[in-house]
Amino acid sequence: MPLVTVQSFLLSLVDGLEMPYGAPAAQAYITPPDPRIQARIPAIYIWPSDGDESRSAELGGTVPRNTGPGTSSGTKGIMHQMDMYLTWFSANTRQGMEDGPISQDPVFPGMVDALMFALRFSQPNPAVLTDPNTNLTATIYNVGETMKYRTGIEATDDQRWVRYDCLVTVSVWEIFNA
């Protein structure tokens, strides 16, 4: 299945994702808006990373390939690795959210947890999707079966704002007839 369809499925899972500690709900994008001026709203960007396609039984594939024209060819599997970038800007204070007494320290890690939770418990699972460009139908399953994350934090140039970043690489399994 084309990567665009997998990206769109992930987008549907996380666009409008509720964030903890009173932070605004996340906005998800495949193509980032230019310019992005709503820095206080958490943003999630979805982009393909790596993939492995084969007839391996481990990925749900079957052998043999088709034996001639018009014969069934069985199934192939793809293990997509999709990068999901979570970005958020906040005032560089120890008070955290403007309206509350909660320290800023747990806010962004809580956002990372919310993103990973949404991926880990994605619904529907499995999801049967049809690509609008090729009409190829595939089954997407086990979103978030494996995930890696890396976080970062840095002050902006004027040091009044802090930029928080996290890269979550999430696995998405796919099986289709080929």
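The values are calculated or read from the model by the stated rules, or taken from the named source; none is laboratory data. Remember, predicted model here, so these are calculated numbers, not experimental data. Cβ sites come from the backbone with ideal geometry, for glycine too, and all protein chains shown count toward neighbours. SASA here: full protein model, heavy atoms, side chains in, ligands and nucleic acids out. Shrake-Rupley method; radii C 1.70, N 1.55, O 1.52, S 1.80 Å.
I'm checking my understanding of the structure. Among residues of segment 166-178 that are closer than 24 Å to Leu13 by Cα and out of contact with any Phe, Trp or Tyr (no Cβ under 7 Å at 6 or more places or on another chain), which one is surrounded by the most Cβ atoms within 10 Å (Cβ to Cβ)?
Val172
Here's the yes/no breakdown for (1) within 14 Å of the chain's Cα centre (by Cα); (2) of a type in the set (S, T, N, Q); (3) over 17 Å from Tyr85 (Cβ atoms):
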site: Ser122; (1), (2), (3): yes, yes, yes
site: Pro132; (1), (2), (3): no, no, yes
site: Asn135; (1), (2), (3): no, yes, yes
site: Ala138; (1), (2), (3): no, no, yes
site: Gly152; (1), (2), (3): no, no, no
site: Ala155; (1), (2), (3): no, no, yes
site: Asp158; (1), (2), (3): no, no, yes
site: Val162; (1), (2), (3): no, no, no
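I want to confirm something. Restricting to segment 114-154 and keeping residues that are in a strand (DSSP E or B) and within 20 Å of Ile44 (Cα to Cα), which single residue is most open to solvent (accessible area, probe 1.4 Å)?
Here the answer is Arg150.
Considering segment 155-165 alone, what residues qualify as being exposed (fewer than 12 other Cβ atoms within 10 Å of the Cβ) and part of a strand (DSSP E or B)?
Ala155 - this is the single residue of segment 155-165 that is exposed (fewer than 12 other Cβ atoms within 10 Å of the Cβ) and part of a strand (DSSP E or B).
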